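Note sheet for the following structure.
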Amino acid sequence: MVTEVSSGIKISVSTQYEQQYSNPSRGTHFFVYYIDIENLNAFPVKLLSRHWIIFDAQDAMREVVGQGVVGKQPIIEPNSHFRYNSGCDFKSAIGKMKGTYTMQNEVTGECFTVQIPEFTTEVPFILN
């Protein structure tokens with residue numbers, strides 16, 4: 001698990017290889033990532049959008065930009081969490097992801113950026 005705190009928001013990420021959705025002979029490796037977003041601020045925040053940068057050892061960088069996460073724009077109260085999981089496919093057995101969330105202070109309306117820590121995706125035992 002990797003964790004990073006920025007702008008009073010703690011982001012923790014873990015990953016899991018999903019063998020049943022992967023087909024290595026066709027160059028498809030699927031990973032699920034689990035995100036925990038904790039609001040350490042004294043005010044509620046709303047997650048407005050996401051921006052992912054995805055690196056694949058076999059392919060060029062790609063970006064994903066969109067509103068909210070998993071179809072939601074959650075409001076996270078002070079000292080509360082929002083957890084979700086999603087997935088990403090890779091052509092290679094090793095990759096990495098990083099990104100940002102755009103959040104809004106629900107008291108002042110001010111928007112700010114939160115860093116999603118860089119994390120790796122690797123097929124189990126690929127490096128052995």
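Some points to look at:
- Filter result (touching a strand residue (DSSP E or B) at 6+ places or on another chain (Cβ under 6 Å) and either open to solvent by 20 Å² or more (accessible area, probe 1.4 Å) or at pLDDT below 95 (or both)) within the stretch 41-50: 43, 44, 46, 48, 49, 50
- Of all positions in the stretch 94-109, none carries a residue that is closer than 18 Å to residue 13 by Cβ and touching a helix residue (DSSP H, G or I) at 6+ places or on another chain (Cβ under 9 Å).
- Residue check, residue 126 out of contact with any helix residue (DSSP H, G or I) (no Cβ under 7 Å at 6 or more places or on another chain), surrounded by fewer than 14 Cβ atoms within 10 Å (Cβ to Cβ), free of Cβ contacts under 8 Å to residues at least 60 places away in the same chain and among the hydrophobic types (A, V, I, L, M, F, W, C): yes
- Considered as a group, the residues in the stretch 51-69 that are surrounded by 12 or more Cβ atoms within 10 Å (Cβ to Cβ) and small (Gly, Ala, Ser) include one that is modelled with the lowest pLDDT, and that residue is 57.
- Pairing each residue of the stretch 84-106 that is within 29 Å of residue 44 (Cα to Cα) with any residue that is of a type in the set (Val, Ile, Thr) and outside any strand (DSSP E or B), provided the two are 6+ apart or on different chains, yields C-beta distances under 9 Å for 84/70; 85/70; 86/70.
- Hey, residue 1 free of Cβ contacts under 8 Å to residues at least 12 places away in the same chain, closer than 28 Å to residue 123 by Cα and open to solvent by 70 Å² or more (accessible area, probe 1.4 Å) or not: no
- Selection of the stretch 47-87 for residues being within 21 Å of residue 105 (Cα to Cα) and of a type in the set (Lys, Arg) yields 50, 72, 83.
- Exactly one residue out of 98, 91, 72 is open to solvent by 70 Å² or more (accessible area, probe 1.4 Å) and in contact with a Gly (Cβ under 6 Å, 6 or more places away or on another chain): that is 91.
- Residue in the stretch 10-22 that is modelled with pLDDT of 95 or more, within 25 Å of residue 108 (Cβ to Cβ) and outside any strand (DSSP E or B) present: no
The values are calculated or read from the model by the stated rules, or taken from the named source; none is laboratory data. Every value quoted in this text rests on a predicted model; they were computed, and no experiment measured them. Because the Cβ atoms are built from the backbone with ideal geometry, glycine has one as well, and the counts that use them run over all protein chains shown. The protein model used for the area step is the full one, side chains on, heavy atoms only, and it has no ligands, DNA or RNA in it. Shrake-Rupley method; radii C 1.70, N 1.55, O 1.52, S 1.80 Å.
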